[in-house]
Amino acid sequence: MVTDTEGYIHIIEYLTEHLELFENCANTSQNSTVLEVIEEEMSTQIISLCNQNEALTFNQRNTIIREIDAIVYDLQEILSGVVNNSVTEQQLSFIKEFSLLIKNLFDTEIHSKFLL
């Protein structure tokens, strides 16, 4: 649905352009981990997406969830060295922005394919 689009490629390129945010960060155990924040933010955005698009069928919602699983897996691969590190404020801001970009990509795809 979205992982095979140009938009997704651009979002991943945006992430790779900002990888320095995730480099050389100390692992303090006071905050949530990078992976926990990714999962939480992606979940929040997808719940919002499904609530905003009540006309989506059960199968369409399942397709979206499978896509999100694939996206989280991609993020785990790209950020494999830091996913268990505590998240910094800058990383948190970036992850929130990234999650919104993913939601916007889904919004675009939903409205062009499902809700014509």
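Quick look at the values:
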read-out: Options 64, 38, 11: the member that is closer than 16 Å to residue 100 by Cα, surrounded by 15 or more Cβ atoms within 10 Å (Cβ to Cβ) and touching a Ser or Thr at 6+ places or on another chain (Cβ under 9 Å); value: 38
read-out: Conditions (1) in contact (Cβ under 8 Å) with a residue 24 or more places away in the chain; (2) not in a helix (DSSP H, G or I): number failed by residue 24; value: (1)
read-out: Odd one out for residue 22 among (1) surrounded by fewer than 17 Cβ atoms within 10 Å (Cβ to Cβ); (2) over 13 Å from the mean Cα position of the chain (by Cα); (3) over 21 Å from residue 112 (Cβ atoms); value: (1)
read-out: Enumeration of residues in the stretch 53-80 that are in a helix (DSSP H, G or I) and either over 25 Å from residue 36 (Cα atoms) or touching a Gly at 6+ places or on another chain (Cβ under 6 Å) (or both); value: 58, 59, 60
read-out: Cβ-Cβ under 7 Å pairs, at least 6 apart or on other chains, the stretch 83-101 side assigned to a loop (DSSP other than H, G, I, E, B), far side of a type in the set (S, T, N, Q); value: 83/33; 83/76; 84/33; 85/27; 85/33; 87/31; 87/32; 87/33
read-out: Search result, residues across the stretch 71-116 that are of a type outside the set (A, V, I, L, M, F, W, C) and in contact with a strand residue (DSSP E or B) (Cβ under 9 Å, 6 or more places away or on another chain); value: 84, 85, 86
read-out: Matching residues in the stretch 85-95 - criterion: being under 11 Å from the mean Cα position of the chain (by Cα) and farther than 15 Å from residue 72 by Cβ; value: 94
read-out: Yes/no for residue 2 being in a helix (DSSP H, G or I) and within 12 Å of the chain's Cα centre (by Cα); value: no
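Coordinate-derived values only; no laboratory data. As the structure is a computational prediction, the values presented were derived from the model and not from experiment. Cβ coordinates were reconstructed from backbone atoms using ideal geometry, including for glycine residues, and neighbour counts include every protein chain displayed.
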